[in-house]
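Notes to accompany the following structure.
The values are calculated or read from the model by the stated rules, or taken from the named source; none is laboratory data. Because the structure is a prediction, the values reported are computed rather than measured. When we count neighbours, we look across all protein chains shown, and the Cβ atoms used for this are built from the backbone with ideal geometry, even at glycine. Heavy atoms of the whole protein, side chains included, go into the accessibility calculation; ligands, DNA and RNA do not. Shrake-Rupley method; radii C 1.70, N 1.55, O 1.52, S 1.80 Å.
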Amino acid sequence: MMKRSLKLGAVCLGMAVLLCACGKGSTESTEAASSETETAQSEAVSETVAETEDTNVYPYEYDVESMVKLGEYKGLTYTETDVSVSDDEVESQINSTLTAHATAEQITDRAVEDGDTVNIDFEGKIDGKTFDGGTASGASLTIGSGTFIDGFEDGLIGVKPGDKTTLKLKFPDEYKTNTDLAGKDVTFDVTVNYIKGDDIVPELDDDFVKGLNIDDVSNVKEYRAYVKSQLQANKESEAEKSKQSELLQQAVDNAEIKEIPEELVTQYATQYTDYYKQYASYFGLELSDFLTQYMNQTEEEFNQSAEDYGKERAGYMLVVSAIAKAEKVDVDALYDEKVAQYAEQSGYADAATLEKDYSKRYLNQIIINEEVQNILEENAKAVVPAETESETSK
């Protein structure tokens, strides 16, 4: 079952610290693995719903006054972040976009040589019949890479783009990729479409900008302004997250956490584990293999990390709930207005539809998180980074 992800921006208090779960049974993305597809995969994980019934426990439901002795949480400080955007940053972003839209030169006036990367169509047949995985169009292959079976790549050397050649080959006796093909004779009809040359980076002009299909942006001047506004928004968002993290960390450090319910620790530890299991599945891996290949951890080390995370998050959220009770945050009075706001922000038709996906108990905790975040920020003071102060004094 899939549902819309409740993306409430700053609602998830202290996301960098808490891995705040925006949806039952899921967590925000963490530093799991370096991959170009990480963002898309993480969003897919966060949008997966494990169950429709809310069986979670929530920190505000405990007697948090007896579990937490609050320290100072007002008058805290956070590091003021420079969110200005320079012309160099704008140009760097534009150059990155241009590079991303580069296209390879298509060489068609010479024959294929060893080391070339070619674009090919091919059709493989065994006993005159095609087989699964033996046919492709527009495939990219570097000659000499050893990607294909012996004889395939060498057989393309000397072939000119536009020409078709037939390769009579044999699959290795120990062909582990598909044991059904092992040792069998195969014929490939291959057409070399072109040899890939150097990347051609497009010029920044009005035509390129129009091709990006950005609303209300149709020329270079408007595009520069758009890029600057996007960079500005990103910096402001990161600065807000940093502020939240700093303030929450101080409030927790100043508090004395006397007791942490084990069931709350277990719940958060399970969320942590479930997230990584789901994440591993997007790589087609079991968790144990994912831990070895991408996280350099044993299962024992991972389980300890999950336990530590569960304790840390449970403690943080108990402090948040204790602040809410100390400040007499009236969730019932705020509920209707806040949930209507969340529904609009998240693209739901109305609050009732959102409530079907997210329980009232869960939404109550979200409201508490947001209200405490506001209390911490409204009573905090920005401080200039030490290096900036020293530069100013020169």
Tell me which residues, restricted to region 48-65, are open to solvent by 60 Å² or more (accessible area, probe 1.4 Å), within 30 Å of Glu327 (Cα to Cα) and either in contact with a Ser or Thr (Cβ under 7 Å, 6 or more places away or on another chain) or not acidic (Asp, Glu) (or both). Thr55
Looking only at region 199-230, which residues are open to solvent by less than 30 Å² (accessible area, probe 1.4 Å) and either part of a loop (DSSP other than H, G, I, E, B) or within 30 Å of Lys170 (Cβ to Cβ) (or both)? Val217
Of all helices (runs of 4 or more DSSP H) completely enclosed by region 281-364, which ones contain at least 2 residues that are in contact (Cβ under 8 Å) with a residue 24 or more places away in the chain, touching a strand residue (DSSP E or B) at 6+ places or on another chain (Cβ under 6 Å) and open to solvent by less than 70 Å² (accessible area, probe 1.4 Å)? 299-326
Filter region 365-379 down to the residues that are within 19 Å of Gln249 (Cβ to Cβ) and either open to solvent by 40 Å² or more (accessible area, probe 1.4 Å) or not hydrophobic (A, V, I, L, M, F, W, C) (or both) and list them by number. Asn369, Glu370, Glu371, Gln373, Asn374, Glu377, Glu378, Asn379
Tell me, please, whether a residue that is of a type outside the set (Lys, Arg), outside any helix (DSSP H, G or I) and without any contact (Cβ under 8 Å) to a residue 60 or more places away in the chain can be found in region 184-198. yes
Of everything in region 231-259 that's of a type outside the set (Lys, Arg) and in a loop (DSSP other than H, G, I, E, B), which residue is least open to solvent (accessible area, probe 1.4 Å)? Ala255
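Does region 199-222 include one or more residues that are within 30 Å of Gly134 (Cα to Cα) and either charged (D, E, K, R) or over 26 Å from the mean Cα position of the chain (by Cα) (or both)?
yes
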List every residue pair whose Cβ atoms sit under 9 Å apart, with the two residues 6 or more apart in sequence or on different chains, where the first one lies in region 216-234 and is closer than 20 Å to Asp82 by Cβ and the second, anywhere, is at pLDDT 95 or above and among the hydroxyl-bearing types (Ser, Thr, Tyr). Val227/Thr97; Gln232/Ser84
